[in-house]
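Here's the structure, in C-alpha cells; my notes come after.
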C-alpha cells in the first residue's frame, strides 16, 4: 500500500466548548468565507480517508511562523502590522494556533511513518488575537494596532 500525505488546515475547525482536537469537524456551517474554505478542506480529507488505494495522512497545520513565512521578519504580515493595516477586531477573542516552520517540517517527516489519519500540527499554547497581535507589534517595534 502506498502513502499519501496531504496538507490540510487547522484554521477552520469547529471547537465545541473549548479547543479543537483531531476529532473536531471543520466549520462548514460558519460564515460564508470560512465555510467555503472549510468545505474545501472537508472534501480533501474525505477523499483522503475514503481512498482504498492508499494510506492517507492529513496534516492540519496551524499558522506558520519563523524564517521565510508570512510572520517572519520580512513577511507580508510583518509589513501589514507595521503599517497598522491589521486591526484588532472587537475583543480579539479569536484563537490562533501556531506552528514554527521547523516544527512543521519535523512533523511532516514523522507523518511518513505515522498511522493513517488526521493530525493537528499546532503548538500547545494557542493564543487569542488580543494577546499575540499586540505582542507581535511590540516585537516589531510597530505602533499599537488599530481597533
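Quick notes on this structure:
- Of the listed requirements (1) crowded, with 17+ Cβ neighbours inside 10 Å; (2) closer than 30 Å to residue 43 by Cβ; (3) at pLDDT below 90, residue 99 misses just one: (3).
Results for (1) under 13 Å from the mean Cα position of the chain (by Cα); (2) more than 12 Å from residue 118 (Cβ to Cβ); (3) surrounded by 15 or more Cβ atoms within 10 Å (Cβ to Cβ); (4) at pLDDT 95 or above, shown as yes or no for each residue.
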{"position": "5", "(1), (2), (3), (4)": "no, no, yes, no"}
{"position": "10", "(1), (2), (3), (4)": "yes, no, yes, no"}
{"position": "15", "(1), (2), (3), (4)": "no, yes, no, no"}
{"position": "20", "(1), (2), (3), (4)": "yes, no, yes, no"}
{"position": "33", "(1), (2), (3), (4)": "no, yes, no, no"}
{"position": "44", "(1), (2), (3), (4)": "no, no, yes, no"}
{"position": "50", "(1), (2), (3), (4)": "no, yes, no, no"}
{"position": "56", "(1), (2), (3), (4)": "no, no, yes, no"}
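- Condition met for residue 63 (under 23 Å from residue 100 (Cα atoms), surrounded by 14 or more Cβ atoms within 10 Å (Cβ to Cβ) and touching a residue at least 40 places away in the same chain (Cβ under 8 Å)): yes
- Residue list for segment 115-147, restricted to those being under 23 Å from residue 103 (Cα atoms) and assigned to a helix (DSSP H, G or I): 129, 131, 132, 133, 135, 136, 139, 140
- Residue within segment 66-83 that is more than 30 Å from residue 144 (Cα to Cα), in contact with a helix residue (DSSP H, G or I) (Cβ under 9 Å, 6 or more places away or on another chain) and surrounded by 13 or more Cβ atoms within 10 Å (Cβ to Cβ) present: no
- Entry remark, segment 103-114: residues being part of a helix (DSSP H, G or I) and exposed (fewer than 15 other Cβ atoms within 10 Å of the Cβ) number 4 in total.
- Annotation: residue 114 fulfils all but one of (1) in contact (Cβ under 8 Å) with a residue 24 or more places away in the chain; (2) within 27 Å of residue 2 (Cα to Cα); (3) under 18 Å from the mean Cα position of the chain (by Cα); the unmet one is (3).
The values are calculated or read from the model by the stated rules, or taken from the named source; none is laboratory data. Computed from a prediction, not measured in an experiment: that's the story for all the values here. Because the Cβ atoms are built from the backbone with ideal geometry, glycine has one as well, and the counts that use them run over all protein chains shown.
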